[in-house]
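Some notes on the structure that comes next.
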Amino acid sequence: MNKLLKGLIYNDNLTLSVLDTTEMVNKAIKIHNLTPLTAAALGRTLTVSTFMASNLKNDGDKLSVVVAGDGVGGKITVCGNGNLCMRGVIDNPEATLPLRADGKLDVGGCVGRNGRITVTKSMGLKEPYSGSSKLVTGEIAEDFTAYYAYSEQMPTAIALGVKIGKTGKCVGAGGVIIQALPFAT
């Protein structure tokens with residue numbers, strides 16, 4: 001079962017969110033026949049997008065996230081709502097790359113380092129809110145950290161991970177996100 005836990009830390013100056021999205025990533029692997037590389041890229045994006053959707057205020061609010069880089073995986077698109085009904089797709093689900101020198105999946109190569117993140121929130125206003133920022137590394141967590149800094153002016157630290165087992169199934173996916181509240185000391 002997917003989980004999202006939120007709380008306040010450091011004398012209520014920071015929010016802490018912890019997500020377990022293993023089930024969601026395994027469902028995406030099955031539906032899209034993802035390689036370990038594309039499962040990691042889409043899984044990280046699904047995880048951070050779930051966090052973003054959890055901050056929507058009203059039942060009819062919707063979120064759309066597009067990560068458009070120049071990597072072998074192509075564009076990643078994730079949509080969701082405040083009830084955390086999420087779905088996502090990657091243009092080239094069968095993309096592969098050699099492992100990095102440290103033995104890890106090259107998610108940055110899959111996503112690309114040149115491109116943009118665009119987040120659109122439909123919140124029942126006349127026009128949807130849209131924010132955008134450049135990709136930094138293609139590793140997703142750093143890119144969304146930059147998005148929050150530049151587009152939403154909100155200091156944020158993001159750690160995301162997707163671990164794929166030898167059988168191609170996700171054995172663990174999730175994230176930890178810390179944000180400073182406006183009055184934080």
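The values are calculated or read from the model by the stated rules, or taken from the named source; none is laboratory data. Note that the coordinates shown come from a computational prediction; the quantities given were computed from them, not determined experimentally. Glycine also receives a Cβ, built like all others from the backbone with ideal geometry; neighbour counts cover every protein chain displayed. Each accessible area value is taken on the protein alone, full model and side chains, heavy atoms only, with ligands, DNA and RNA left out. Shrake-Rupley method; radii C 1.70, N 1.55, O 1.52, S 1.80 Å.
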(request) Specify the inter-centroid distance of segment 131-185 and segment 18-35, based on alpha-carbon positions, in whole Å. (result) 17 Å
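Counting heavy atoms of the protein chains only and a 1.4 Å probe, report the per residue accessible area for the chain as a whole number of Å². Walk me through the intermediate numbers first.
Working: 9690 Å² over 185 residues.
Heavy-atom SASA per residue in the chain reads 52 Å².
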(request) Work out, step by step, the length gained on full extension between GLU142 and MET1: first 0.36 nm times the residue separation, then minus their alpha carbon distance; give nm to one decimal. (result) 48.1 nm
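So how much slack lies between VAL171 and ASN11, counting 0.36 nm per residue of separation and subtracting their Cα-Cα distance, in nm?
Using 0.36 nm per residue and subtracting the Cα-Cα distance, I get 54.2 nm.
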(request) Give me the aspartates and glutamates in straight-line cross-link reach of LYS104: C-alpha distance below 15 Å, same-chain residues under 8 apart excluded. (result) GLU139
(message) Ordering PHE51, PHE183 by accessible area with a probe of 1.4 Å, largest first, what comes out?
(response) PHE183, PHE51
(request) Taking just the C-alpha trace of segment 1-69, give me its Rg and Dmax in Å. (result) 14.2, 45
(message) If R₀ is 30 angstrom, what is the calculated FRET efficiency for the pair ASN92 and LYS57, using the beta carbon separation as r and rounding to 0.05?
(response) 0.30
(request) Per DSSP H run of n ≥ 4, the term is -39500 (n - 2.57); total these for the chain, divide by its residue number, and report the mean residue ellipticity at 222 nm rounded to 500 deg cm²/dmol. (result) -7500 deg cm²/dmol
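Pairs LYS57/LYS126; LYS27/LYS57; LYS75/LYS126: which are spaced more than 22 Å apart, C-alpha to C-alpha? It would help to have the intermediate numbers written out before the result.
On the way: LYS57/LYS126 16 Å; LYS27/LYS57 26 Å; LYS75/LYS126 28 Å.
The answer is LYS27/LYS57; LYS75/LYS126.
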(request) Normalise the Cα radius of gyration of the chain by 2.2 N^0.38 Å (N = residues in it) and let me know the number. (result) 0.99
(request) Please compute the net charge surrounding LEU19, taking Lys and Arg as +1 and Asp and Glu as -1 over other residues with Cβ under 10 Å from its Cβ. (result) +1
(message) I want to verify the translational diffusion coefficient of segment 108-185 in µm²/s; compute it with Stokes-Einstein, Rh as the Kirkwood radius over Cα pairs, at 4 °C and 1.567 mPa s.
(response) 90 µm²/s
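How large a share of the accessible area of the chain, in percent, is made up of carbon and sulfur atoms when the probe is 1.4 Å and the other protein chains stay in place? The partial results should precede the final answer.
Values: 5370 of 9690 Å².
Result for the chain: 55 percent of the exposed heavy-atom area is carbon or sulfur.
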(request) Sticking with the crude label model, points 7 Å out along Cα→Cβ, report the distance from SER64 to ARG100 in nm, one decimal please. (result) 3.1 nm
